[in-house]
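Asker: Can you read through this structure? Questions will come right after.
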Amino acid sequence: MEQPEIKVNHIETKSVMTKSNTPIGGYSVNPYVGCPHACKYCYASFMKRFTGHTEEWGTFMDVKDWPEIKNPKKYAGQKVIIGTVTDGYNPLEETYKNTRRLLEELKDSGADILICTKSDLVLRDLDLLKEINENSRLTVSWSINTLDEEFKDDMDAAVSIERRLAAMKEVYAAGIRTICFISPVFPGITDIEAIIDRTKDQCDLVWLENLNLRGGFKADIMKYISDKHPDLVPLYDEIYNKKNRSYFEALEKKAEELAKKYDCRFVDNETPYERVEKGHPTIVDYFYHEEVRGTANSGKRNVMHNP
């Protein structure tokens, strides 16, 4: 997918720190509104409803300006997740440097900082990340749900999978905890075993999250499957129209088996903070977002009631 032309706006905000409802909890921090990666499956496209944007998702970006974080110690011990509804290292970060500014303001906070990205621009700030890592908890996560560059190009305009893998390897080698976030897992397309095998020597954690189809992009993804993978149409119909969970339940069992194969821990909805022995990342089950949303990474799940 080619990088779309981006309409850039500048906005002022009272604070860049927002309480998070992600499974991990803490604070969500997004230095931008919108994201030029234009991922076809992006749940963050719902943000348009709250920001007044009518443009197609992936074609606009609001560059935030916020008052300086004058008391960063306020966030000591708190989880701070950078990039929940944008990628802080999207291509425009090279120009605007909002994410670098944010990290500078938080570097002495003592916060537990997690950076979520699909970019290798993070390497620009490796000096700063090393400094933060000396005094705080720091983790960098890359979303990698395929090793097939053609499928990746069908889904997003971010950098190649190979560039993401190379960046992960370099950050890991610098002594910083890394995550391979296998998300979203596309049924019948994402090969979790191949991805784990490729990344196990350069990450401390592997996160697993299933593809959720809701809102306006469900029809787009179902059409893509029909056009490009017609053999998978019955499977997607079972999962996303008939709500059959057996595919992902079987995949959970496979992930647990892979953990045993590679001598890794397998945990449910929790992320222990540690550097693990090389080649043995902890594998974390975050399947079924509705069950783990808002649980603060507790290892427990929300009880869902069928109507």
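The values are calculated or read from the model by the stated rules, or taken from the named source; none is laboratory data. Keep in mind that what you see is a predicted model, and the values were worked out from it rather than measured. Note that each Cβ is placed from the backbone with ideal geometry, even for glycine, and that neighbours are counted across all protein chains shown. Heads up: the accessible areas ignore ligands, DNA and RNA and are worked out on the full protein's heavy atoms, side chains in. Shrake-Rupley method; radii C 1.70, N 1.55, O 1.52, S 1.80 Å.
Asker: Please name which of Asn21, Val85, Tyr96 has its Cα lying farthest along the dipole of segment 1-112 towards the positive end, using unit charges on Cβ (Lys, Arg +1; Asp, Glu -1) and the Cα centre as origin.
Answerer: Asn21
Asker: Please get the size of the charge dipole for segment 1-112, origin at its Cα centre, with Cβ charges of +1 on Lys and Arg and -1 on Asp and Glu, quoted in debye to the nearest 20.
Answerer: 520
Asker: Taking a quarter of the surface of the convex hull around the Cα atoms of segment 25-180, what do you get in nm²?
Answerer: 9.0
Asker: Excluding ligands, DNA and RNA, what is the solvent-accessible area per residue of the chain at a probe of 1.4 Å, expressed in Å²?
Answerer: Normalised by residue count, the accessible surface of the chain is 46 Å².
Asker: Starting from 0.36 nm per residue, how many nanometres of slack lie between Leu126 and Asn302 once their C-alpha separation is accounted for?
Answerer: Between Leu126 and Asn302, full extension yields 59.6 nm more.
Asker: Cα to Cα, under 18 Å, and not fewer than 8 places away if on the same chain: which aspartates and glutamates meet these conditions relative to Lys14?
Answerer: Partners found: Asp62, Asp65, Glu68, Glu105.
Asker: Normalised by the number of residues in segment 1-112, what is the relative contact order in percent for Cα pairs under 8 Å and 6+ residues apart?
Answerer: 35
Asker: May I pose another question? Towards the positive end of the charge dipole of segment 1-112, with charges on Cβ (+1 Lys, Arg; -1 Asp, Glu), say which of Ile69, Trp57, Cys35 has the farthest Cα.
Answerer: So the residue furthest toward the plus end is Ile69.
Asker: How many percent of the accessible area of the chain is carbon or sulfur, using a 1.4 Å probe?
Answerer: 48
Asker: If amide hydrogens are placed 1.01 Å from N in the peptide plane, which non-local residues have theirs closer than 5 Å to the one on Leu211?
Answerer: Long-range HN contacts for Leu211: Val185.
Asker: Return the single residue from Gly279, Gly215, Gly110 with maximal mean-square fluctuation; model: Gaussian network over the chain, springs between Cα atoms under 10 Å.
Answerer: Gly215
Asker: Oh, and also: So for His10, His229, what's the accessible-area order with a 1.4 Å probe, most first?
Answerer: His10, His229
Asker: Using alpha carbons only, what's the Rg to Rh ratio of segment 1-112 with Rh from Kirkwood?
Answerer: Rg divided by Rh gives 0.96.
Asker: Checking the table Lys260/Lys300; Lys7/Lys40; Lys97/Lys228 against a 26 Å threshold on Cα-Cα, which pairs fail?
Answerer: Beyond 26 Å: Lys97/Lys228.
Asker: Oh, and also: For a quick size check, give me the Cα extents of segment 125-184 along its three principal axes, largest first, whole Å.
Answerer: 40, 18, 17
Asker: While we're here: Give me the accessible area of Thr146, 1.4 Å probe, in Å² rounded to the nearest 10.
Answerer: Estimated to the nearest 10 Å², Thr146 gives 10 Å².
Asker: Still on this structure, I have one more. Give the Rg (one decimal place) followed by the Dmax (whole number) of the chain, computed from C-alpha coordinates and expressed in Å.
Answerer: 18.7, 56
Asker: Scaled to the compact-protein estimate 2.2 N^0.38 Å, what is the alpha-carbon radius of gyration of segment 224-272, rounded to two decimal places?
Answerer: 1.53
Asker: For the chain, what is the relative contact order in percent, using Cα pairs closer than 8 Å and at least 6 residues apart in sequence?
Answerer: In percent, rounded to a whole number, it is 17.
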